[in-house]
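Report on the structure given below.
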Amino acid sequence: MPWGSETSSRQHPGPVRGRVKIPGSKSVSHRALIAAALASGVSVLDNLLICEDTLYTVHGLKELGAKISLERQRAQVWGTGGRFCRNTRRKEIFLGNSGTSYRLLLSVCALAQGEYVLTGTARMRQRPVGGLVSALRDLGVKVSCREREGFPPVLVRAGGIKGGGTRIRGIESSQYVSSLLLSGPYMNDGLRIQILEKQVSRPYIGITVNLMEDFGVRVERSGDSIYGVRPGKRYSARHYVVEGDVSSASYFWAAAAVTGGTVVTENIAPFVTVQGDIALLDILEDMGCVVTREANKVTVRGNPLTGVDVDMGSLPDMVPTLAAIAPFAKGRTVIRNVSHLRHKESDRLQAIVTQWRRLGIPVEELDDGIIIRGVQGDLKGACVDPHGDHRIAMSLAVISLNVPALLIKDNGCVGKSFPTFWQLWQPLARG
């Protein structure tokens, strides 16, 4: 069936079988575009994920003066060497609801010359950036919040970044750290970041560090709390191939898990990836799945499932995926340490609670997580709303494999991170 504004569940639930080539990583694509735009020379980025979010990053970089050409999954980027054209009039840069684009580009914007207002959707204006704004002030940037302190829109009076040292609370977004690190090579005095308290989403900092080193800049580290970039070393243009997106693969692994089927995901390198979401495979094994890891693919075979109790602070994007598997596991699944999910594209904890309950799934909301109890018997169908959140929509698609008469509204929101999701999902959903 064609996919429209609403998506229904499949007619004949049962084990799924499939092989899927996973598109490029969204997290890596954002960072590669920024490093290439700051580098000297011309870079070619292959297997780049072209989606709503990465297109906002492309838009922002172009507004700053970078030249970028896109063709299918390839980008050619003419680097600026960190020297953006002077902007003589205040310019507004709209970044939709792409939190990654917004936070990463906020520091890049400060490297330019002139006044810029970074803005976004109504939801984006509810997503905090205060820790990053404070850090930029520490580093000598003239930056102010236009409506409410700590939230977009933000005015940057750009004139380069002096640099030096700053501190960031670890319970805030890892994107604050990534934003500063990506711009660190172009700060006059270099950069030193101290992270206070335990860092959430730490693997995403690893993605940033790895990407920077691929483009020729070494990040100095002292344990998990101090990161530094020395002045003078800059990015070098290169040909770069973006690895497959582990977060996107997770929905297909979950499809195998909840139906007792087998799914092979290609373009995933489990032994070398630095994407933290690969840890979901360990959780699936703990729940009873059989996982086969190979050099460039992962196979998941579903078995009877048992609930788990897990700290998901380091892989928050996998919470909706695990929440979609949990109703089909024996016992209860407890997901902890993910209060930062309240500031994503939706309040993801609340979205899971409200929409899962519509299906008759017993779910309890905690301050920093959720508890889901496995369902004995069939779930009821309902029309569910993903709250405009791509990860909620794709997780509901997982549940729909076992639930007749489940209808997902606004399925187009998956375009934020995975425009071809329904096209790749359809063979599984046909049942």
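Read-outs: derived from the displayed coordinates by stated rules, not from any lab. Everything quoted here is computed from the prediction, not taken from an experiment. All Cβ positions, glycine included, derive from the backbone under ideal geometry; neighbour counts span all protein chains shown.
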Worksheet item: Based on the Cα gyration tensor of the chain, what are the three equivalent ellipsoid semi-axes, each the root of five times an eigenvalue, rounded to whole Å and given largest first?
Response: 37, 22, 20
Worksheet item: Tell me, what HN-Hα J-couplings in whole Hz come from the Karplus equation 6.51 cos²θ - 1.76 cosθ + 1.60 at θ = phi - 60° for each residue of the stretch 43-58, using x for Gly and Pro?
Response: 10, 10, 10, 9, 6, 5, 7, 9, 8, 4, 5, 5, 5, 5, 5, 4
Worksheet entry | Per-selection Rg to Rh, the stretch 26-227 - Cα, Kirkwood hydrodynamic radius | 0.93
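May I ask you to order 313-320, 19-26 by the average number of other C-beta atoms within 10 Å around their residues, highest value first?
My ranking of the peptides, most packed first, is 313-320, 19-26.
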Worksheet item: List the aspartates and glutamates whose alpha-carbon lies under 17 Å from that of K330, not counting same-chain residues fewer than 8 positions away?
Response: E285, D286, D309, E364, D378
Worksheet, complete the sentence: Computed over the chain, the relative contact order (Cα-Cα under 8 Å, seq sep at least six) in percent reads 18
Worksheet item: When DSSP assigns beta bridges and you keep just the ones with both residues in the stretch 288-361, what percent turn out antiparallel, to the nearest 5?
Response: 50
Worksheet item: Is it possible to state the helix-based mean residue ellipticity at 222 nm for the chain, with each DSSP H run of 4+ residues giving -39500 (n - 2.57), the sum divided by total residues, to the nearest 500 deg cm²/dmol? What is it?
Response: -9000 deg cm²/dmol
Worksheet, complete the sentence: Restricting to lysines and to Cα separations under 23 Å from K91, and discarding same-chain partners fewer than 8 apart, the set is K62, K67, K142, K162
Item to complete: Pick out, from L55, F84, A32, the residue whose Cα sits farthest towards the positive end of the charge dipole of the stretch 31-152, with +1 on the Cβ of Lys and Arg and -1 on the Cβ of Asp and Glu.
Response: F84
Worksheet item: Straight-line reach from K297: which lysines have Cα under 28 Å away, leaving out those fewer than 8 places along the same chain?
Response: K21, K26, K416
Worksheet item: What is the distance in Å between the Cα centres of the stretch 400-431 and the stretch 356-384?
Response: 19
Discussion item. Tell me the relative contact order for the stretch 26-227 as a rounded percent, counting alpha carbon contacts under 8 Å between residues six or more apart.
Written reply: 17
Practice prompt. Provide the net charge surrounding V375, with neighbours chosen by a C-beta distance below 15 Å and charges set as Lys +1, Arg +1, Asp -1, Glu -1.
Written response: +4
Worksheet item: Dividing the alpha-carbon radius of gyration of the stretch 84-149 by 2.2 N^0.38 Å (N being the number of residues), what value is obtained?
Response: 1.07
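Taking N as the number of residues in the stretch 108-195, what is its Cα Rg relative to 2.2 N^0.38 Å?
Cα Rg divided by the expected 2.2 N^0.38 Å: 1.02.
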Worksheet entry | Rounded to 5, the percent of DSSP beta bridges in the chain classed as antiparallel | 65
Fill in: Label-point separation, K21 to F271 (7 Å along Cα→Cβ), nm
2.2
Worksheet, complete the sentence: Note on the stretch 303-431: contact order normalised by length, alpha-carbon pairs under 8 Å, 6 or more apart, percent, works out to 22
Practice prompt. Convert each backbone phi in the stretch 70-82 into a coupling constant with the Karplus relation 6.51 cos²θ - 1.76 cosθ + 1.60 (shift: θ = phi - 60°), then list the ³J(HN,Hα) values in order as whole Hz, x for Gly and Pro.
Written response: 10, 8, 6, 9, 10, 10, 10, 10, 8, x, 9, x, x
Response to the item:
With x for Gly and Pro, the residue-by-residue ³J(HN,Hα) of the stretch 278-283, computed from phi through the Karplus equation 6.51 cos²θ - 1.76 cosθ + 1.60 at θ = phi - 60° and given in whole Hz, is 4, 5, 4, 4, 5, 5
